[in-house]
Structures are given as structure tokens and as C-alpha cells.
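The values are calculated or read from the model by the stated rules, or taken from the named source; none is laboratory data. Here the structure is a predicted model, which means the values were calculated and not measured. Positions of Cβ are generated from backbone atoms using ideal geometry, with glycine treated the same way; all protein chains shown enter the neighbour counts. Surface accessibility is based on the protein's heavy atoms, side chains included, excluding ligands, DNA and RNA. Shrake-Rupley method; radii C 1.70, N 1.55, O 1.52, S 1.80 Å.
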Amino acid sequence: GAVVSQHPSWVICKSGTSVKIECRSLDFQATTMFWYRQFPKQSLMLMATSNEGSKATYEQGVEKDKFLINHASLTLSTLTVTSAHPEDSSFYICSASPSGSYEQFFGPGTRLTVL
Amino acid sequence: GENVEQHPSTLSVQEGDSAVIKCTYSDSASNYFPWYKQELGKRPQLIIDIRSNVGEKKDQRIAVTLNKTAKHFSLHITETQPEDSAVYFCAASLGGGQNFVFGPGTRLSVLP
């Protein structure tokens, strides 16, 4: 149980294009999903908290117009990196929390490379 | 805001020995403390967690202790095996809610 999928697992795109990453909870409903960014050999940095049916809450320093988050259902949240640039290249990981639980279950991550 | 520190940053132990990783947190309102194991290129996996109303929790070779007064918690792995080699992250719930602040991680190497 508590499986989270993420798609795509890796993506290479040209500078200036937009990339959409999907995060799905496969066997539970998640009122809250989280988006993290992880640089090589570093910790997970929370980018935003995604709540179903409401606007995402962004961490300080994260541009909400650049990282668009949509949490349209209890099992799906999407992160769109708009007008991607090479400095956006990173490992993006989502997590999902079953309703009423503190636990977070992580997706496998998406490695984004912007050329 | 919450600040989580983790030590050591790297740890090498011989197979069969114990490993201890310590974390401190700053927000006294934090009440949930999970530990994650992340192998290279893979997702973080929850290995054990503890709530603030409990001082110790054990699951086979893994145990976590919490000292609320001192605001620190530790991960203990006994009888280490090569497959325990990974990066371990501690985390603390932000303000007692669902958001986590992660520690910087500890790279554990278990030498055969």
C-alpha cells in the first residue's frame, strides 16, 4: 500500500520550453501532496505544498509563476516548470500524505535536464 | 522557522557494527519525526518514525529515540549489513503540521 507514482521519470528539454510532471497516489487518497527539489548529494528542499481543491502554498524563494502546481483531484498533482532554464535542472520529487496522516510517501522522482 | 541539523554527514562502519545518526531540531511545536533512507537515484523510503508522545520506538534492527526536552532524536541501526549503505535523512514536522523540514543527510557506508 501507499504507492506514489511520478511521470515522467526523466526528461530533457530545450531552454524556454515548459515541462509538466505528474504525481499520483495509486492506492490512497491524498488531501495534501508536496513537491521537493533535490540537488546532487543534497537534502530535499520543499518547494510547495499542494492541497486538493485550493491554491498551492509556496516556500519562500520559490516563484509560483514559474512552478505551477495543480492538485485537481485527491490522487493527482501536477508541477509545471514554465520557461525552463538550465538552472532549473534538478531532481524533482513529490510526496503524498494519506488524509489524516502525518506520513509522507515519496514518488520515484523526475530528473529534469534543461539544455 | 524550523531548523534541523544532522550529524555526522558521513559514517563508515564495519559490517555487524552499530550505526548512530543524530538530529536536532529547533521548533518545540514539532511532534512528528520520520527517518528516510535514500539509495542512489531512488526515492526516499520511510524506515521508522516517532511521535512526540513516545520516547523510543524499535523495529527489528532499527530504533529511534527522542528527547523532547533537548530537542534531539537519533536513529540506531544494529548489526549493520552492506545493504544498509545509503543516505539517511531525518525530518521534523513544521509547527506540528504535515510539512517536513529535512536534515542535510548522512551517507552511511557499511564495509564488508
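Points to keep in mind about this one:
- Answer from A:Lys20, A:Lys14 - the residue that is surrounded by fewer than 17 Cβ atoms within 10 Å (Cβ to Cβ), out of contact with any strand residue (DSSP E or B) (no Cβ under 6 Å at 6 or more places or on another chain), touching a residue at least 40 places away in the same chain (Cβ under 8 Å) and more than 23 Å from B:Tyr36 (Cα to Cα): A:Lys14
- Failed criterion for B:Phe33 (all others in (1) touching a strand residue (DSSP E or B) at 6+ places or on another chain (Cβ under 7 Å); (2) closer than 24 Å to A:Thr49 by Cα; (3) within 9 Å of another protein chain (Cβ to nearest Cβ) hold): (3)
- Odd one out for B:Asp27 among (1) within 12 Å of chain A (Cβ to nearest Cβ); (2) open to solvent by less than 70 Å² (accessible area, probe 1.4 Å); (3) of a type in the set (Asp, Glu); (4) over 13 Å from the mean Cα position of the chain (by Cα): (1)
- Within the range A:84-115, tally of residues that are under 14 Å from A:Thr31 (Cβ atoms), facing chain B (nearest Cβ under 10 Å), part of a strand (DSSP E or B) and open to solvent by 10 Å² or more (accessible area, probe 1.4 Å): 1
- Contact annotation: residue pairs with Cβ atoms under 6 Å, 6 or more positions apart or on different chains, pairing a residue in the range B:40-59 that is within 11 Å of another protein chain (Cβ to nearest Cβ) with a partner that is surrounded by 15 or more Cβ atoms within 10 Å (Cβ to Cβ) and of a type in the set (Ser, Thr, Tyr), are B:Pro44/B:Tyr36; B:Leu46/B:Tyr36; B:Arg51/B:Tyr32.
- Residue in the range A:59-75 that is open to solvent by 40 Å² or more (accessible area, probe 1.4 Å) and within 10 Å of chain B (Cβ to nearest Cβ) present: yes
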